[in-house]
Amino acid sequence: MLATTWNRSRNGDFQVEVDVDVDIDGFIHDAFTIGDMLHDEGRRELDIIGTNGEPMVHTIQEHPQSLGNANNDFVARVGNEGSNHESEVEELEEDMGIMVEASEEPQFGPDHSMFDEASRVPLYERAALFGLAATLLILNCCHTHGTSNAFINEMLYLLKMSILPQPNTLPSNEYEASNTLKKLGFSYNVIHACPKGHMLFRGQYENDQNCPQCGLAQYKVVGKSFVPQKVLRHFPIIPRLKRMYNTLGQASLMTWHVNNRSGDGMVRHVTNSKQWRFIDEKWLDFASEPHNIHLGLATDGINPFVEKHSTWSTWPVTFLNYNLPPWLTTEKHFLMLSLIIHGEE
Amino acid sequence: MIGDNMDTYLQPLLEELQLLWHEGVWVRDAANYNGTFHFKLKAILMWCIHDFPAFGIMVGCVTKGYHACQICDPQTSFRQSNVLSKHVYYNQHRQWLPLDHPFRENSVAFDGICKT
């Protein structure tokens, strides 16, 4: 929600009226929001006019140290001309500095610039469908029905070479298609682990060959190749949560739990539960933002090979999203698989 | 075998959850203000769902043997049953009853033990 009033003129410029006692936090938040929007439009400058009618010049530009993160790294550089705004502007700059330092955290999100570029290439000349959309539709259809990779290869080849007009941007095989999607954030991290589960070969142990605790090797030699002894697959949830809010239909569902609480004391959804109320009362800041997500974690060991391989156990770790309406919380496509842990007993 | 080392495997998950709880991430909401609304998204892990053996692995506590109950812990009442030839846990649940409940005085139905 914008705290100050930002008026947009016909030529696309923003004008804001800033009081001397402006809410600095709110103003910074607004500046980030507007800056992001301007960045999407390929613009860099923002004119801000003070209450006395004198223009204050705000230049919103990308932070030099974190180029490429299109989402949130902006600095409003304030070159000020109104005299009575000076102290406030200094304060603003200080606050901005802190904000930018805080936002230099590792970014989990997909590369949006790549997404924009790839999603605007049409499938073939004058096609209504984009190439990326076509790839997604085909792969989604194939994976829903559990077809083999050989089938996908053959179908993509047929479509590309025989059915669609030439030239077209459809990938020619499954490998190429899934590589395109990987760059857009539909991927997972493969993490090697100690065979006895003492540690993961990541962070400070990334270049180690043996487990420091038990000395077992990270890889085993099979023929001429090195095969990791134990593999953990991690599917990051943050890009998926971001994507849910970026999707129009799903973004409104994510605040369902606030607008649809029962007022008659009956429990129809977990929002009416004792635990939920306890959390709301304990962390008021968290509860005041309806977008914040309440997650549940479900896990158990399963054996994917049924009786044939009874010494195997796989642990999928799944997140449930309780912001959604109750009939969607446990739906297959709203469950978020986060980890797959393989283990031989 | 997962065994006692579940926490090792949960590390990458935990980092994400801690980022989501302490710092938050900037997210664009497509449903408000024509998709120009940005906010700091935070998330909380409310509860975990699993069966009793998996609970022992997730939390890292004993769920078998003499002290299987997580609430009574060292005070768990157990007995070797000769008929079933295994441990049985019982009797202790009468402590949750009201003080004047007739079951507390009923020693006949509960192995000759009163729980007052």
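Quick notes on this structure:
- Label-point separation in nm, A:GLU344 to B:PHE110, each point 7 Å along Cα→Cβ: 5.0
- Alpha-carbon centroids, the range A:229-282 and the range A:126-193: separation in whole Å: 31
- Per-residue mean of C-beta atoms belonging to partner chains within 10 Å, peptide B:12-23: 5
- When each of the peptides B:2-9, A:218-225 is scored by the mean number of other C-beta atoms lying within 10 Å of its residues, the order from highest to lowest reads B:2-9, A:218-225.
- Farthest towards the positive end of the charge dipole of the range B:1-47, among the residues B:ASN34, B:LEU19, B:TRP47, is the Cα of B:ASN34, using unit charges on the Cβ of Lys, Arg, Asp and Glu.
- For the peptide A:293-306, the mean number of other protein chain Cβ atoms found within 10 angstrom of a residue's Cβ is 5.
- Per residue of peptide A:189-196, the mean number of Cβ atoms on other chains within 10 Å of the residue Cβ is 2.
- Ordering of A:167-177, A:315-325, B:77-87 by burial proxy (mean other Cβ atoms within 10 Å per residue, highest first): A:315-325, A:167-177, B:77-87
- Local net charge near B:GLY60, Cβ-Cβ under 13 Å (Lys/Arg +1, Asp/Glu -1): -2
- Distance violations [Cα-Cα > 19 Å] among A:LYS182/A:LYS220; A:LYS182/A:LYS242; A:LYS182/A:LYS332; A:LYS242/A:LYS282; A:LYS332/B:LYS40; A:LYS182/B:LYS40: A:LYS182/A:LYS220; A:LYS182/A:LYS332; A:LYS242/A:LYS282; A:LYS332/B:LYS40; A:LYS182/B:LYS40
- The range A:236-333: GluC sites (Glu not before Pro) in DSSP loop, at most 13 other beta carbons within 10 Å: A:GLU307, A:GLU331
- Checking every one of the trypsin sites (Lys or Arg not before Pro) in the range A:226-330 against DSSP loop status and a limit of 12 other Cβ atoms within 10 Å picks out A:ARG261, A:ARG268, A:LYS308.
- Shape class of chain B from the Cα gyration tensor (axes a ≥ b ≥ c, square roots of the eigenvalues): prolate, since a/c reaches 1.5 or more and a/b is larger than b/c.
- Rounded to the nearest whole Hz, the Karplus-based 3J(HN,Hα) values (6.51 cos²θ - 1.76 cosθ + 1.60, θ = phi - 60°) of the range A:223-238 follow the sequence x, 9, 10, 9, 10, x, 5, 9, 10, 10, 10, 10, 9, x, 8, 4, with x at glycine and proline.
- Sorting the segments A:245-251, B:40-46 by their residues' average number of neighbouring beta-carbon atoms within 10 angstrom, most packed first, yields B:40-46, A:245-251.
- Bridgeable lysines around A:LYS224 (alpha carbons under 22 Å apart, same-chain partners fewer than 8 residues away excluded) are absent.
The numbers here are math on the coordinates, done by the rules we state, and not lab data. All values reported here derive from a predicted model rather than from experimental measurement. Every residue, glycine as well, gets a Cβ built from its backbone with ideal geometry; the counts of neighbours run over all protein chains shown.
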